[in-house]
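Trainee: Okay, here's the structure, questions in a sec.
The values are calculated or read from the model by the stated rules, or taken from the named source; none is laboratory data. Note that this is a predicted model, so its numbers are computed, not measured. Positions of Cβ are backbone-derived with ideal geometry, glycine not excepted, and every protein chain shown enters the neighbour counts. Calculation scope for accessible area: heavy atoms of the full protein, side chains included, ligands and nucleic acids excluded. Shrake-Rupley method; radii C 1.70, N 1.55, O 1.52, S 1.80 Å.
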Amino acid sequence: SAIFNFQSLLTVILLLICTCAYIRSLAPSLLDKNKTGLLGIFWKCARIGERKSPYVAVCCVVMAFSILFMQ
């Protein structure tokens, strides 16, 4: 049901990016072996989380603020 609610979709995407970046920091070989195909999505999310970490962090704070105080 997160597909039909835009805020829920953004929350799921942010959580996916943060989770993949965290998993890659703990075990890089787990995500690096699947750079293509369907599992390559997780590798790409980890790369986004690593390279754009200040922007992702700001988005997480804004999303948390909107979830806590706007709803």
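Trainee: Residues being in contact (Cβ under 8 Å) with a residue 12 or more places away in the chain and among the aliphatic types (A, V, I, L, M): count how many of those fall in region 45-71.
Mentor: Total meeting the criteria: 5.
Trainee: Among the residues in region 23-33, are any more than 20 Å from Gln7 (Cα to Cα) and under 13 Å from the mean Cα position of the chain (by Cα)?
Mentor: yes
Trainee: Can you give me the ranges of the helices (runs of 4 or more DSSP H) entirely in the chain with at least 3 residues that are open to solvent by 80 Å² or more (accessible area, probe 1.4 Å)?
Mentor: In the chain, the matching helices (runs of 4 or more DSSP H) lie at 6-26, 40-51, 53-69.
Trainee: May I ask you to list pairs of residues, at least six apart or on different chains, whose Cβ atoms are under 6 Å apart, with the first in region 19-44 being closer than 20 Å to Val56 by Cα and the second being charged (D, E, K, R) and open to solvent by 80 Å² or more (accessible area, probe 1.4 Å)?
Mentor: Pairs found: Trp43/Lys35.
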